[in-house]
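This report concerns only the one structure given below.
The values are calculated or read from the model by the stated rules, or taken from the named source; none is laboratory data. None of the values given here were measured: they were computed from a predicted structure. Positions of Cβ are generated from backbone atoms using ideal geometry, with glycine treated the same way; all protein chains shown enter the neighbour counts. Just so you know, the surface numbers come from the protein's heavy atoms only, side chains and all, with ligands and any DNA or RNA stripped out. Shrake-Rupley method; radii C 1.70, N 1.55, O 1.52, S 1.80 Å.
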Amino acid sequence: MVESFTCAPARPLPVQARSRARVERVLDATTALIEAHGVDAVAISDIAARSGVTPASIYRYFPDKIAIIATLAERHSAHSRACVEAGFDTVRSPDDLVPAAQAMLLGYQGVFDHVPGARAIWQATQADPRLQALDRDEVEAHARTIARAVNRALPQVDADEALAMGRLVTGIVGAAVRGAAALPPEEGLHLITLCRDVVLPPTLTQFVARVR
């Protein structure tokens, strides 16, 4: 079982509409600031100035900056898990596995390219030991989603083998997207295309052939 993250979590979110609106302003401001300047360059005072929420009010809901980042990371993770689950829930036969994996790859790339703050939030989860478990939780959740799809498509596959395949596919997709993010756009797109067309199909088709 992957351990829970050890940074101080956000305090329970308020139920009153005005208070919840303040929290959303804090989260939106943090996203904009870390996307523009990086996590390390952003302080609570910066978030307060941009959101119009006083530092004292921010601390009512978040004990520190890492707790704000953790809340944002958990939201991105929940969205990511829902998308991957929706994609692999359609898998009913071995032929469905490759398209589902390719869709997962393109979906991940779309998040990194188009969702504000996604790249900076992921970088924060890698850089801060207190947040790394959040990323491990997400990776393991995706692996288990893929494993369930493998077992539906190939009931004869051992559960441990299906989970290993889920971890492999998740690792390939994650490495490709994160590698592409570090390259100029044209080179990054080429890397994604190679993963989609050259890496994922033979990986899965050879696995299917081996277990049939």
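The table that follows gives values for the structure above.
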| item | result |
| --- | --- |
| Length gained when the stretch PHE112-ASP95 is fully extended (0.36 nm per residue, less Cα-Cα span) | 3.4 nm |
| Rounded tilt (10° steps) of 129-153 against the dominant C-alpha axis of the chain | 30 degrees |
| Computed [θ] at 222 nm, deg cm²/dmol, the chain (DSSP H ≥ 4; -39,500 (n - 2.57); rounded to nearest 500) | -24500 deg cm²/dmol |
| GNM flexibility winner over the chain from GLN132, GLN16, GLN156 (Cα, springs under 10 Å) | GLN16 |
| ASP158 paired with ALA17, simple spin-label distance in nm, labels 7 Å along Cα-to-beta-carbon | 5.8 nm |
| ILE68 accessible area, assembled protein chains, probe 1.4 Å, Å² | 0 Å² |
| Summed side-chain charge close to ALA175 - residues other than ALA175 whose Cβ falls under 14 Å, Lys, Arg +1, Asp, Glu -1 | +2 |
| Area accessible to solvent at GLU140, 1.4 Å probe radius, in Å² | 40 Å² |
| Length added when fully stretched, ALA41-ASP64, from 0.36 nm per residue minus Cα-Cα | 6.8 nm |
| Alpha carbon Rg of segment 76-158, scaled by the compact-globule rule 2.2 N^0.38 Å | 1.20 |
| Dipole of the chain [Lys/Arg +1, Asp/Glu -1 at C-beta], most positive-end residue of GLN102, PHE207, VAL26 | VAL26 |
| Gap separating the Cα centres of segment 20-81 and segment 168-195, nearest whole Å | 28 Å |
| Charge dipole (debye, nearest 20) of segment 131-212; +1 at Cβ of Lys and Arg, -1 at Cβ of Asp and Glu | 300 debye |
| Total formal charge among the other residues, if their Cβ is under 13 angstrom from that of ASP40, Lys/Arg +1 and Asp/Glu -1 | -1 |
| Cβ-based net charge around GLU161, under 15 Å, with every Lys or Arg adding one and every Asp or Glu removing one | +4 |
| In degrees, nearest ten, helix 17-37 long axis to first principal axis of the chain (Cα) | 70 degrees |
| Among LEU183, LEU168, LEU72: highest mean-square fluctuation, GNM of the chain, C-alpha pairs under 10 Å | LEU183 |
| Dimensionless Rg ratio for segment 121-169, taking C-alpha atoms and the 2.2 N^0.38 Å reference | 1.39 |
| Rounded, prolate or oblate (a/c below 1.5 giving rounded, otherwise prolate when a/b exceeds b/c) for segment 116-206 by Cα gyration tensor | oblate |
| Cut-off 11 Å, label 7 Å out along Cα→Cβ of LEU168, residues of segment 133-162 by amide N | 161-162 |
| Folded to 0 to 90 degrees: helix 118-127 orientation relative to the chain principal axis, Cα | 90 degrees |
